[in-house]
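Throughout, read-outs are computed from the coordinates displayed, never taken from laboratory work. Small disclaimer: the values here were computed from a predicted structure and weren't measured. Quick reminder, even Gly has a Cβ in these numbers, built from the backbone with ideal geometry, and neighbours come from all protein chains shown.
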Amino acid sequence: MLERFKQMWLGWQGVAKGILFAQNFLLMAVAYLFGLGPVALGMRLFGTKLLDNGPPNPGAKSFWVPRSPKPMTMDEASRQF
């Protein structure tokens, strides 16, 4: 009897895995097609760039942006981010 329940349980796990795979695929496809896709298409059409990929000024030899040092207090040093 216990062996029969074990086989039923293993069978159900296979069915559940298939259902979850289909559900995940469907949800991700909907999120991509109706969420990410139109946003990416709109940004491409309007030429919007979210990243600054160029050097700070046209004559610069590197992408390094110099920062002025600010004094560090103990409270600021104790926070990592």
Quiz item: So between Phe81 and Phe63, what do we pick up on full extension, going 0.36 nm a residue minus the alpha carbon distance?
Solution: 4.2 nm
Practice problem: For helix 37-46, report the angle its Cα long axis makes with the longest principal axis of the Cα atoms of the chain; keep it between 0 and 90° and round to the nearest 10°. | Solution: 20
Exercise. Evaluate E = 1/(1 + (r/R0)^6) for Thr73 and Val39, where r is the Cβ-Cβ distance and R0 equals 35 Å; express this FRET efficiency to the nearest 0.05.
Key: 0.30
Exercise. Taking the Cβ of each residue in Ser78, Ser68 as the centre, tally the other Cβ atoms inside 10 Å and list the residues starting with the fewest.
Key: Ser68, Ser78
Quiz item: Where Rh denotes the Kirkwood radius from the mean inverse Cα pair distance, what is Rg over Rh for the chain?
Solution: 1.37
Quiz item: Taking the Cα centre of the chain as the origin and placing charges on Cβ (Lys, Arg +1; Asp, Glu -1), which of Gly47, Ala77, Val30 is farthest toward the positive end of the dipole?
Solution: Gly47
Quiz item: Taking the Cα atoms only, what angle lies between the long axis of helix 2-31 and the longest principal axis of the chain, rounded to 10 degrees?
Solution: 40
